Amino acid sequence: MGAVAMSKREPDHDRPLGRAEIVQAILASAAELFAAKGPSSTSLRDVATHAAVNHSLIHRYFGTKQQLLAATLQHLADRGVELATSGELDAERQELGDLHMRVLVRSALDGYPIAELQERRPGMEWVLDQARPNFPTERGAQLAAAHATALQYGWRLLGPVLRAGFGLADMDDEALRAEVIAEIGRTLSLPRD
């Protein structure tokens, strides 16, 4: 099962077998449900049912819901960087990025301490690595990377509102996406120190 292909299992399909398949099924189901309903509205039993596993396996492999959320966020972040650095299909990267963003935002809105949940932030580190050569100070690179990430998330979250509010509704999706990417590139390459 791919990291992004996260559709609900049909009842007549085989259940995942072995630790690796079970963990993958749980992470995929958790990501999909947390993105759709938020972690506060998703029970561990919901995740288990969606993943076609016994809910006790979630406790065995992950522990609490907060620990499952942390593992889900880490899994999505790690997979996102893996796709970004491997040259995998752009559509798959976009889908995974949107899923990760929705899980992050819903978790924050539900009051989870998302800044504390992930041990590593490989996507943010990757963006920071892109900025570092263009800035004389680490602080300048950090701010540029944060601005670029906020710009990307802002367009993903509020794109329809921004398009309508600023008269950009007639702009096609690809042209707008190219403009956002170009602005992110400028943000990462223009020193502000």
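The values are calculated or read from the model by the stated rules, or taken from the named source; none is laboratory data. Just so it is clear, the model here is predicted, and its values are computed rather than measured. FYI the Cβ positions are ideal-geometry reconstructions off the backbone, even for glycines, and counts take in every protein chain you see. Note: accessible area is taken over every heavy atom of the protein model, side chains too, but ligands, DNA and RNA are not part of it. Shrake-Rupley method; radii C 1.70, N 1.55, O 1.52, S 1.80 Å.
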**Prompt:** Of the residues that make up segment 163-180, is at least one open to solvent by less than 50 Å² (accessible area, probe 1.4 Å) and under 20 Å from ALA30 (Cβ atoms)?
**Reply:** no
**Of residues in segment 10-55 being in a loop (DSSP other than H, G, I, E, B), at pLDDT below 95 and not hydrophobic (A, V, I, L, M, F, W, C), the one surrounded by the fewest Cβ atoms within 10 Å (Cβ to Cβ)** = ASP12
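Restricting attention to segment 181-193, and to residues there that are among the charged types (D, E, K, R) and over 23 Å from ARG102 (Cβ atoms), which single residue is surrounded by the most Cβ atoms within 10 Å (Cβ to Cβ)?
Let us first name the residues in segment 181-193 that are among the charged types (D, E, K, R), namely 183, 186, 192-193.
Among the residues that remain, those that are also over 23 Å from ARG102 (Cβ atoms) are: 186, 192-193.
On the way: ARG186: 11, ARG192: 13, ASP193: 11.
Checking each candidate, the answer is ARG192.
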**Request:** Keeping to segment 88-104, report how many residues are open to solvent by less than 30 Å² (accessible area, probe 1.4 Å), over 15 Å from SER29 (Cα atoms) and either in contact (Cβ under 8 Å) with a residue 60 or more places away in the chain or touching a Lys or Arg at 6+ places or on another chain (Cβ under 7 Å) (or both).
**Result:** 1
**Asked** So which of TRP126, TRP155 ends up being part of a helix (DSSP H, G or I), at pLDDT 90 or above and within 27 Å of ALA70 (Cα to Cα)?
**Response** TRP155
**Asked** Is it the case that some residue within segment 58-79 is more than 22 Å from ALA150 (Cβ to Cβ), in contact with a Pro (Cβ under 8 Å, 6 or more places away or on another chain) and basic (Lys, Arg)?
**Response** yes
**Message:** Contact list please: Cβ distance under 9 Å, first residue in segment 50-75 and closer than 17 Å to TYR112 by Cα, second residue part of a helix (DSSP H, G or I) and acidic (Asp, Glu), pairs at least six apart or on different chains.
**Reply:** ALA70/GLU116
**Prompt:** Out of the residues in segment 56-87 that are over 24 Å from GLU125 (Cβ atoms) and assigned to a helix (DSSP H, G or I), which is least open to solvent (accessible area, probe 1.4 Å)?
**Reply:** ILE58
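Tally time: how many residues in segment 88-123 are among the basic types (Lys, Arg) and in a helix (DSSP H, G or I)?
3
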**Prompt:** Taking segment 158-179 only, how many residues are within 25 Å of LEU99 (Cβ to Cβ) and either β-branched (Val, Ile, Thr) or outside any loop (DSSP other than H, G, I, E, B) (or both)?
**Reply:** 14
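Identify, please: which residue in segment 121-134 is within 13 Å of the chain's Cα centre (by Cα) and open to solvent by 40 Å² or more (accessible area, probe 1.4 Å) and is, among those, nearest to GLY159 (Cα to Cα)? Write out each step before concluding.
First pass over segment 121-134, keeping only residues within 13 Å of the chain's Cα centre (by Cα): 121-124.
Then drop every residue that is not open to solvent by 40 Å² or more (accessible area, probe 1.4 Å), which leaves 121, 124.
Details: ARG121: 25, MET124: 21 Å.
Among those residues, the one meeting the criterion is MET124.
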**Request:** Could you tell me whether ARG139 is touching an Asp or Glu at 6+ places or on another chain (Cβ under 9 Å), over 24 Å from ARG106 (Cα atoms), assigned to a helix (DSSP H, G or I) and open to solvent by 80 Å² or more (accessible area, probe 1.4 Å)?
**Result:** yes
